[in-house]
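First comes the structure, then the notes that go with it.
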Amino acid sequence: MCSISETMKTVAKFITILIVLISFLKSSPAYAASSTGTATLTLSPGTSTLTTGAKTINLQLNTGTASTNGIQIVADFTGTVPVDLLFTPIPPAGFSASYNQLITITNGKRLQVIIDTGSTTGYSTSGAQVSIGTLTFTAPTSGAMTVTFDQVQTAVLDSNYVDFLHTVTNAVYTFAPVSNPTPTPTPTSTPRPTPTVTPVPSPSPSPDTAQINLTLKFEGVAEVPRTDPALVNLTLVNTQSGTHLTKDAVVMLNRNDGTGTYTNNSTISFSNFQNGTYNVFVKGPVHLIKIFSNKSITAGVVTLDLAAEGQLKTADTNGDNAINTIDYAKMISSFGCRKNPLREPVGKDCTSYTADVDIDGDVDIYDYAYLVGNYNQVGDQIP
């Protein structure tokens, strides 16, 4: 246990650093933008017809003779959007993808990507077309997908964070089935008799699958943030047998109720499920593990409204289920960073946004306040 004098010293230290951080944030520079430039972003292949099956489309960058220190991409995919659409960044040497999200919008998907470097040394393609990421998906048999880049938010930035992107090309992909050529007839041979095979009946689908729908509340999310999806870990522990079942799941913000609650965007399924009473442990992306005790769960569709029983405490930036000096150091090192519009203060580590503990797109005084409020706390322990 800390003495009262030690606690007062810690609080005084936090307040002093807080004043310094506020002054720093107010003095952070804004980034200029230019309407002219030499850089281009293109999709390869561009507008075309794609037959059914696995496809790969390259996003290519050409900086000309100039160098870039950061690339920001915002593009909408509308129309017939494949369900397995995925973007995989290919950062140049010395760069990293500090942000890569493909979120659901009203009429399709939106891609948001930031590829940048913590170094002052930029990167030039020297006039060549270089792939900085790939789109992969399974093309359906019909329909069309339109890729539209946001002409304002998509940018290629130089060392002064001035946009020198000249053109970014949209594309339309039309999907079609694979055409089957007419087979060449072959001479008919006399068939040989074959033994009769007794069919083996296929087993019926297992009836003991539990399909769980969650509602969660994250501390600090009281309104619509700029980052919607969040990855959580769900662990079920049977109170009688001690059996552990665990799954990772993506949860999405409920935009309509204004409470800041999240629900899973697809059912979380556990096969070979044993009906019974379970302790439910939930770990959020930057949150301490919280236990929700004695939940009766049976095979079939089960809804767990965990938001009504308490929120997950935030500021566990490194995922070790404790809020301590490691999280404090991460907060200080990335304080002032912002995703959109992009802001990367000099001397700050903006390659990771785990210190954005209220999930609103930047690391600011509010995130710091949650860390101070939860300092020295640890989450519940999974047995």
Residue pairs within 8 Å by beta carbon, gap of at least six or interchain, first lying in segment 295-308 and surrounded by fewer than 18 Cβ atoms within 10 Å (Cβ to Cβ), second among the charged types (D, E, K, R), listed first then second, are A299/D208
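Conditions tested, residue by residue: (1) within 23 Å of A249 (Cβ to Cβ); (2) of a type in the set (S, T, N, Q); (3) touching an Asp or Glu at 6+ places or on another chain (Cβ under 8 Å); (4) at pLDDT 90 or above.
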| residue | (1), (2), (3), (4) |
| --- | --- |
| V280 | yes, no, no, yes |
| L288 | yes, no, yes, yes |
| T303 | yes, yes, no, yes |
| A308 | yes, no, no, no |
| K339 | no, no, yes, no |
| T354 | yes, yes, no, no |
| I359 | yes, no, no, no |
Count - residues of segment 359-383 that are closer than 17 Å to L288 by Cβ and under 15 Å from the mean Cα position of the chain (by Cα) = 1
If we only count strands (runs of 3 or more DSSP E) wholly inside segment 106-154, which ones have 3 or more residues that are touching an Asp or Glu at 6+ places or on another chain (Cβ under 9 Å) and surrounded by 14 or more Cβ atoms within 10 Å (Cβ to Cβ)?
-> 108-116, 144-149
Mind checking which residues of segment 83-98 are under 23 Å from S266 (Cα atoms) and surrounded by 15 or more Cβ atoms within 10 Å (Cβ to Cβ)?
-> L85, F87
Residues in segment 362-383: is at least one at pLDDT below 85, farther than 29 Å from V162 by Cβ and in a loop (DSSP other than H, G, I, E, B)?
-> no
Evaluate segment 165-182: report whether one residue or more is open to solvent by less than 30 Å² (accessible area, probe 1.4 Å), modelled with pLDDT under 85 and within 18 Å of N69 (Cα to Cα).
-> no
K313 fails exactly one of the following numbered conditions: (1) within 30 Å of T351 (Cβ to Cβ); (2) open to solvent by less than 20 Å² (accessible area, probe 1.4 Å). What is the number of that condition?
-> (2)
Please find, within segment 324-358, the residue that is nearest to S293 (Cα to Cα) out of those that are assigned to a helix (DSSP H, G or I) and among the small types (G, A, S).
-> A329
When residues of segment 42-72 are filtered for being surrounded by 14 or more Cβ atoms within 10 Å (Cβ to Cβ), within 21 Å of T141 (Cα to Cα) and under 24 Å from the mean Cα position of the chain (by Cα), how many remain?
-> 2
Are there any pairs, at least 6 apart or on different chains, whose C-beta atoms fall under 6 Å, with the first in segment 94-109 and touching a residue at least 12 places away in the same chain (Cβ under 8 Å) and among the polar types (S, T, N, Q) and the second surrounded by 14 or more Cβ atoms within 10 Å (Cβ to Cβ) and in a loop (DSSP other than H, G, I, E, B), and if so, which?
-> S96/T351; S98/T351
Quickly run through segment 331-349 and pick out the residues that are β-branched (V, I, T) and in contact (Cβ under 8 Å) with a residue 24 or more places away in the chain.
-> I332
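The values are calculated or read from the model by the stated rules, or taken from the named source; none is laboratory data. Because the structure is predicted, anything quoted here is derived from the model rather than measured. Note that we place each Cβ from the backbone using ideal geometry, even for glycine, and neighbour counts take in every protein chain shown. When the accessible area is computed, the model is the full protein with side chains, heavy atoms only, and any ligands, DNA or RNA have been set aside. Shrake-Rupley method; radii C 1.70, N 1.55, O 1.52, S 1.80 Å.
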